[in-house]
Every structure is written in C-alpha cells, then in structure tokens.
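S.K.: For reference, the structure I am asking about is given below.
The values are calculated or read from the model by the stated rules, or taken from the named source; none is laboratory data. All values derive from a computational prediction rather than experimental measurement. Every residue, glycine among them, receives a Cβ derived from its backbone with ideal geometry; neighbour counts consider all protein chains shown.
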C-alpha cells in the first residue's frame, strides 16, 4: 500500500466506501487477474509457433506461408510484451505515489495487447489451415476466427452494458405500476368536502 500524501486521498469516493488509493489497488488487482488469463493463451501460442520452425515440414513452406508465420510470431511477441508491461511498470514506479496513473496506463496496455492478440490468433489459424488444406480454406478460417474474437471481445461487452443500462431504467417488477380505479379515487372524499356539501343543503320545511 502506498503512502497517503493528502487528506483527499483518505476520504471515501465510491459506493464501496473506498479512498482513491484503495480503489486503484483493487482495480490493479483485477487487471492482474485478467492478464493471467490472457498470458496463458499467449504462452501456449508462442510455444507452438517456436516449435514449428524445428519441424521437418517447415522447409517446404512457400513464401506466403513463411510470411504468415513470421508475422504471427512477431505479433505474438508483441502481445506478450504488452501483457507483461503492467508488471514492469508497477515495479519501476513502486511506492512513488503513482498507483492511479499505473492503473490507467496498464489498462491501455492490456487493451492494446488484446487487439494484437486477435491478429496473432487470426494469423496462426490461417497458417495451420493453409498448410493442412489449401489457401482458400486458410483465408476462410482466419476470417471466421477474426469475426469470432471481434464478437466476443468487442461486441459482447457492449451488448451486456446496454442490457444492464436498459434493466436499470425499468421498475423492479418489470411492469408499470397499475393505475388506481377511478371509483375508489372518487369515493375518497375529504371531511372538508363533506362538510361543504352538507352546508349547502336546503333547510328542512316544517309543517304547521
């Protein structure tokens, strides 16, 4: 936990009754959990690509396949560097009062890493399918991979956010509150109204 320098950093600022530094600590911990998941996929892909260069079939690859392999390998290395950059950034600025800024920069690095990882997945699928089947199959498989990643990583979060905002605007029961019957409303008369009506009645006629 970093040193608190001012009184504003001690006051709660969120619905969870957190100070700004406590919120930054929580956000950075959640970000590290996300990076652990993505780094596992990057490590598996990177190991797979490195092993391809030492297989017996690798010298038989044509120019397009070799270019795809090199581009995918470099994209994987770039994604790994982006995903590990937050840890290096935190270590370099540890106990210097820069935790909120570290969280902001690390979030941008993770977002950039996800975008690069989509391209790495697309290139690796194109290479494998191209080698095992043909060029057309590789292009189709890579396009499908790109669309799936785009839908799950970009479109799905926005749909979930929109559904959450729509649900918050609706009442808790999911249906509008029923209107009160008109007869019941008209039947509820105030005492002043009753007294006023009684005062306007005609006096009784006495017979002689």
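S.K.: I'm checking my understanding of the structure. Among residues of region 4-35 that are more than 28 Å from residue 113 (Cβ to Cβ) and touching a helix residue (DSSP H, G or I) at 6+ places or on another chain (Cβ under 7 Å), which one is modelled with the lowest pLDDT?
M.R.: The selected residue is 4.
S.K.: Being surrounded by 13 or more Cβ atoms within 10 Å (Cβ to Cβ) and free of Cβ contacts under 8 Å to residues at least 60 places away in the same chain: is that true of residue 114 here?
M.R.: Taking the combined requirement at face value, the residue does not satisfy it.
S.K.: Checking the structure you have, find out if any residue of region 36-54 is more than 30 Å from residue 133 (Cα to Cα), modelled with pLDDT of 85 or more and loosely packed, with under 14 Cβ neighbours inside 10 Å.
M.R.: yes
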